[in-house]
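Participant: First the structure, then my questions, so here it is.
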Amino acid sequence: MEHWLDNRKGEVKPVTLKTYAMIARRCIVGPLAIPDIHIPLGKTGAQPGQPATKLLETLGPLKIADLSTAEIRRWHRMIMTNIGARTASVARTILQRARVVG
């Protein structure tokens, strides 16, 4: 993923590269940290007034070239459910482009 991001330098605007990097690191490399309203505060170690956080494994430990269609679909569904459709779409596009370069 880092190789693909490095190759984008000079091809896209700096703000676009920053967005790609943030989405790639958060949604593809992971782990994905999301607020978890279902965990009682006493079980997380979070201070009162701070939201509890749940870490979801993304594709980080897997090689991009070795991903199956089912793994990509499962990952994409998880991103859509927890983050949103637009971010999931951008993350999938980044992943597809990185696979071509990979």
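Participant: Looking at the structure I just gave you, is R97 part of a helix (DSSP H, G or I), modelled with pLDDT of 85 or more and farther than 17 Å from H3 by Cβ?
Facilitator: Details: part of a helix (DSSP H, G or I): yes; modelled with pLDDT of 85 or more: yes; farther than 17 Å from H3 by Cβ: no.
Here the answer is no, as R97 does not meet what is asked.
Participant: Right, next: Please go through region 83-101 and pick out each residue that is more than 12 Å from A65 (Cα to Cα) and surrounded by 12 or more Cβ atoms within 10 Å (Cβ to Cβ). So that I can check it myself, show each step before the final result.
Facilitator: Kept after step one, since they are more than 12 Å from A65 (Cα to Cα), are these residues of region 83-101: 83-94.
If the condition is that a residue be more than 12 Å from A65 (Cα to Cα) and surrounded by 12 or more Cβ atoms within 10 Å (Cβ to Cβ), then I83, T87, A88, S89, V90, A91, R92, T93, I94 are the ones that fit.
Participant: A follow-up question, please. For region 34-59, which positions are loosely packed, with under 13 Cβ neighbours inside 10 Å and modelled with pLDDT of 90 or more?
Facilitator: E57 - this is the single residue of region 34-59 that is loosely packed, with under 13 Cβ neighbours inside 10 Å and modelled with pLDDT of 90 or more.
Participant: Every residue in region 1-18 that is without any contact (Cβ under 8 Å) to a residue 60 or more places away in the chain and part of a helix (DSSP H, G or I), please.
Facilitator: E2, L5, D6, R8, P14, V15, T16, L17, K18
Participant: Of all the residues that make up region 19-33, how many are out of contact with any strand residue (DSSP E or B) (no Cβ under 8 Å at 6 or more places or on another chain) and either charged (D, E, K, R) or outside any helix (DSSP H, G or I) (or both)?
Facilitator: Quick first cut of region 19-33, residues out of contact with any strand residue (DSSP E or B) (no Cβ under 8 Å at 6 or more places or on another chain) only: 19, 21-25, 27-29.
After this cut, where a residue has to be either charged (D, E, K, R) or outside any helix (DSSP H, G or I) (or both) as well, the list is 25.
Residues flagged as out of contact with any strand residue (DSSP E or B) (no Cβ under 8 Å at 6 or more places or on another chain) and either charged (D, E, K, R) or outside any helix (DSSP H, G or I) (or both) within region 19-33 amount to 1.
The values are calculated or read from the model by the stated rules, or taken from the named source; none is laboratory data. Just so we're clear, the structure is a prediction, and the values are computed from it rather than from any experiment. So basically every Cβ, Gly included, is an ideal-geometry build from the backbone, and we count neighbours across all protein chains shown.
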